[in-house]
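The structure appears below as structure tokens.
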Amino acid sequence: MTKRISLTRYLVEQQRVDGLIPSQLRLLLEVVARACKSISHAVNKGALGGVLGTADSENVQGEIQKKLDIIANEVLIEANEWGGHLAAMASEEMDGIYLVPNRYPQGEYLLLFDPLDGSSNIDVNVSIGTIFSVLKKPEGDRGVEESDFLQPGTQQVAAGYCIYGPQTTLVLTVGDGVAMFTLDREQGSFVLTDENVRIPEDTKEFAINMSNMRHWDAPVKRYIDECLQGKDGPRGKDFNMRWIASMVADVHRILTRGGIFMYPWDKREPSKPGKLRLMYEANPMGWLVEQAGGAATNGRQRILDIQPTQLHERVSVILGSKNEVERVTAYHSAL
């Protein structure tokens, strides 16, 4: 029987054998994984743990928070603040950055996270997840400021997500491809179940919220219209649509079998570049997809090249199978 490789062993080998990550980054990723395991337990308890329903509060985005949103946010902060590997954190659920308290040692990394992506699916028992991104703190002895987080996605040193579904799966990149780890609940540890994940360059599946069709820009309408015409249309093949309304779940499907995910700009709020958050969602997911051979753009440029101007910046997202993403991007460029 093939010997099982734990997340810890995988990270140690990335550090010691391949020299890809420093020891402090390895420790940080192990702590994030332990926090995700705790969140997974809370999610699995559901109504038995009294964690379903809303919390009668809003986050900085003006969205109603679920109880699990707040729980997941607190779990990630409490797990990471004392280890000495972080200088500060930022979350979709918090207005500003969270500085590591002075009573704890200060590290050299910055952690960003969406503690619970797909919150609308919590109460209906559909897959949700945690997305995270790690940046290096700019050099210098001064304190951390919000501007220190405003780095393009190309500066990420690690990124990943944990999906809480029929299995709890941690998906990770440190810049050397994408690896997947499944939580073994009996052993209490994440075990490597897939590495060198690759996204097929072509696909017959697209994921988009079709109810917004009337609000889309012309290039997106053109692309979806061509897909819907099937084998009798210009694409010459039939497409299937998938939409879970949880970015983690939709991207996980794409990493597993290919496809294209689109959450584009639309005319309802024309001043906003998109719905999803650049720092907490688009950058980490974009890097994972690229590391698996896919592509990620905002319709006009590579997402990882975008220079952020604010912590909670939004962006249009088109990612997945390379040839499909390039087609949609070309349609935008043709305008």
Trypsin sites (Lys or Arg not before Pro) within segment 175-216: DSSP coil, no more than 15 neighbouring Cβ in 10 Å: Arg185, Arg198
Which residue, chosen from Asn209, Val75, Pro138, occupies the Cα position most advanced towards the positive end of the dipole of the chain, where the dipole is computed from +1 (Lys, Arg) and -1 (Asp, Glu) charges on Cβ about the Cα centre? Asn209
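When the dipole is taken about the Cα centre of segment 7-195, and only Lys, Arg (+1) and Asp, Glu (-1) are charged at their Cβ, what size is it in debye, to the nearest 20? Intermediate results must be reported in sequence, preceding the final value.
Numbers: 13 positive and 27 negative charges, 118 e Å.
Computed charge dipole of segment 7-195: roughly 560 debye.
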Low-density loop cleavage sites - trypsin sites (Lys or Arg not before Pro) in segment 6-109, where at most 12 other Cβ are within 10 Å (DSSP): Arg103
For segment 212-265 the chymotrypsin sites (Phe, Trp or Tyr not before Pro) that pass both the DSSP coil test and the at-most-16 other-Cβ-within-10 Å test are Trp243
Using a Gaussian network model of the chain with C-alpha springs under 10 Å, which one of Glu313, Glu108, Glu186 is most mobile by mean-square fluctuation? Glu186
Measure nothing but the geometry: give the 0 to 90° angle between the long axis through the Cα atoms of 218-228 and the longest principal axis through the Cα atoms of the chain, rounded to 10°. 80 degrees
Table column - 3J(HN,Hα) (Hz), segment 274-281, Karplus curve with 6.51, -1.76, 1.60, x for Gly and Pro: x, 9, 7, 8, 4, 6, 9, 10
Final fewest-first order of Ser6, Ser189 on the 10 Å Cβ neighbour count is Ser6, Ser189
Report the antiparallel proportion of the DSSP beta bridges in segment 205-333 as a percent, rounded to a multiple of 5. 75 percent
Under the Karplus relation 6.51 cos²θ - 1.76 cosθ + 1.60, θ = phi - 60°, what is the ordered set of whole-Hz ³J(HN,Hα) values for segment 187-194, x standing for Gly and Pro? 8, x, 9, 7, 10, 4, 10, 6
So how tilted is helix 67-80 from the main axis of the chain? Cα-based, degrees 0 to 90, rounded to 10. 50 degrees
Which of Pro166, Pro115, Pro152 moves the most in a Gaussian network model of the chain with Cα springs under 10 Å? Pro166
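Take every DSSP beta bridge whose two residues both sit in segment 7-195, then give the antiparallel share in percent to the nearest 5.
Working: 34 of 39 bridges.
That works out to approximately 85 percent antiparallel.
Within a 10 angstrom radius of the beta carbon, how do His215, His252 rank from fewest other beta carbons to most? Working shown, then result.
Numbers: His215 16, His252 21.
Placing the least packed residue first, the sequence is His215, His252.
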Taking the alpha-carbon centroid of each part, what is the distance from segment 204-273 to segment 96-147 in angstrom? 29 Å
How compact and how long is segment 34-135, expressed as Rg and Dmax of its alpha-carbon atoms in Å? 13.8, 41
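Which value, in debye to the nearest 20, gives the size of the charge dipole of the chain about its Cα centre, when Lys and Arg are +1 and Asp and Glu are -1 at the Cβ? Spell out each step's value before the answer.
Values: 36 positive and 44 negative charges, 162 e Å.
Roughly 780 debye for the chain.
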Return, in residue-number order, each cysteine of the chain whose C-beta is not under 4.7 Å from any other cysteine's C-beta. Cys227
Ranked by GNM mean-square fluctuation in the chain (Cα springs under 10 Å), the top entry among Met94, Met247, Met285 is Met94
What is the helix-to-structure angle for 322-333, meaning the angle in degrees between its Cα long axis and the longest Cα principal axis of the chain, kept from 0 to 90 and rounded to the nearest 10? 70 degrees
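Laboratory data are not the source of any read-out in this text; all were calculated from the coordinates shown. Just so it is clear, the model here is predicted, and its values are computed rather than measured. Cβ atoms come from the backbone with ideal geometry, glycine included; neighbour counts cover every protein chain shown.
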